[in-house]
Amino acid sequence: MTERRPIVAGNWKLHLDHVEAVHHVTELGMRLRAMDVASIDVVVVPPFTDLRSVSSVIEAEKLELGLGAQHVSEFDQGAYTGEVAAAMLSRLGVTIVLVGHSERRTFFHMDDATVARTAAAALRGGLTPMICVGESEDERADGATDEVLARQLGAVLGELAGVDAERLCVAYEPVWAIGSGTAATPEDAGSACAHLRKLAEQHLGEAAASLRILYGGSVSADNAAELVTPPDVDGLLVGSASLTPAGFAGVLGAVTDCYRSSRRSPRR
Ligand code: PEP
């Protein structure tokens with residue numbers, strides 16, 4: 001039996017400066033204390049400039065909250081103005097980093113090869129890369145979803161030969177669902193995540209059974225429980241619903257209730 005501990009991560013994108021972040025995490029911490037979220041990993045993913053302050057609150061308040069970053073350099077050090085290295089993030093208490101989020105791919109021209117090199121750099125620096133993949137609206141309309149996922153995931157896993165599956169995460173984020181208010185159906189999210197696990201098997205073998213695969217795209221407190229119901233969905237990457245402590249706590253409550261009920265067990 002393989003155990004995959006679910007993760008729910010809140011990606012703040014370009015929102016909340018470090019002062020706002022301190023208030024946010026302090027309130028989120030108070031809400032978490034009143035909830036039972038012990039069965040899942042809860043992660044916040046603030047902008048770079050917030051990381052130090054958020055890490056201090058987590059430490060001072062002893063919060064069961066993981067710290068993620070939204071991006072990392074493919075380089076370890078050197079003359080790369082504006083870049084931030086994985087080891088620097090690791091030293092700040094960051095444990096996980098989004099790699100190849102669709103907004104990086106679209107607005108900053110991050111291609112599959114760069115995503116792969118960046119995931120490798122994250123691992124070298126001691127971080128868990130959360131590799132984001134997903135098809136666009138046009139690709140979906142063309143029936144090319146499986147092919148896009150195979151290309152995007154294959155590019156990364158091909159570069160990470162011999163990697164321990166437990167040191168990676170994958171987030172299936174259909175581009176058309178991100179920020180649109182229209183989430184994938186649980187059936188579509190489940191089948192895409194199952195497809196990703198099959199693809200991962202080609203590179204990781206049986207260890208793909210321990211790879212955590214999340215769904216992301218217009219997750220809210222209202223749809224979170226049903227989106228984590230399919231067996232291959234191991235958690236959620238949440239954007240706008242994570243921007244307020246109440247909104248994120250709503251998602252976390254829905255997910256933990258779902259795992260507590262008979263619908264899903266985090267241990268399989
Ligand atoms: C995201 O950007 O990772 C995301 C899932 O955003 P939203 O929840 O706002 O669609």
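The values are calculated or read from the model by the stated rules, or taken from the named source; none is laboratory data. Just so you know, these numbers come straight off a predicted model, no measurement behind them. Neighbour counts are summed over all protein chains in view; Cβ atoms, including those assigned to glycine, are modelled from backbone coordinates with ideal geometry.
Picking from residues in segment 1-37 that are under 18 Å from the mean Cα position of the chain (by Cα), within 20 Å of residue 254 (Cα to Cα) and basic (Lys, Arg), the one that is surrounded by the fewest Cβ atoms within 10 Å (Cβ to Cβ) is 5. When the criteria are applied in full, residue 97 fails the requirement of being more than 19 Å from the chain's Cα centre (by Cα) and without any contact (Cβ under 8 Å) to a residue 40 or more places away in the chain. Among the residues making up segment 227-248, those that are surrounded by 18 or more Cβ atoms within 10 Å (Cβ to Cβ) and away from the ligand (no atom under 15 Å from the Cβ) are 230, 232, 234, 245.
The condition (being in contact (Cβ under 8 Å) with a residue 60 or more places away in the chain and on the phi > 0 side of the Ramachandran plot) is satisfied by just one residue among 162, 134: 134.
The residues of segment 177-213 that are among the aliphatic types (A, V, I, L, M), within 20 Å of residue 135 (Cα to Cα) and in a helix (DSSP H, G or I), listed by number, are 177, 189, 192, 194, 196, 199, 200. For beta carbons closer than 7 Å, sequence separation of 6+ or different chains, a first residue in segment 176-189 that is under 17 Å from residue 143 (Cβ atoms) and a second that is away from the ligand (no atom under 12 Å from the Cβ) and part of a helix (DSSP H, G or I), the qualifying pairs are 176/137; 176/140.
Checked against (1) under 18 Å from residue 9 (Cβ atoms); (2) under 18 Å from the mean Cα position of the chain (by Cα); (3) within 16 Å of the ligand (Cβ to nearest atom); (4) assigned to a helix (DSSP H, G or I), residue 256 passes all but condition (3). Residues in segment 94-122 that are within 16 Å of the ligand (Cβ to nearest atom) and part of a helix (DSSP H, G or I): 102, 103, 104, 105, 106, 107, 115. State whether one or more residues within segment 138-152 are buried (at least 18 other Cβ atoms within 10 Å of the Cβ), among the small types (Gly, Ala, Ser) and modelled with pLDDT of 95 or more. The answer is no, given that none of the residues of segment 138-152 is buried (at least 18 other Cβ atoms within 10 Å of the Cβ), among the small types (Gly, Ala, Ser) and modelled with pLDDT of 95 or more.
Taken across segment 10-21, residues that are of a type in the set (Lys, Arg) and away from the ligand (no atom under 16 Å from the Cβ) do not occur at all.
For residue 44, the conditions (1) in contact with a His (Cβ under 9 Å, 6 or more places away or on another chain); (2) assigned to a helix (DSSP H, G or I) all hold with the exception of (2).
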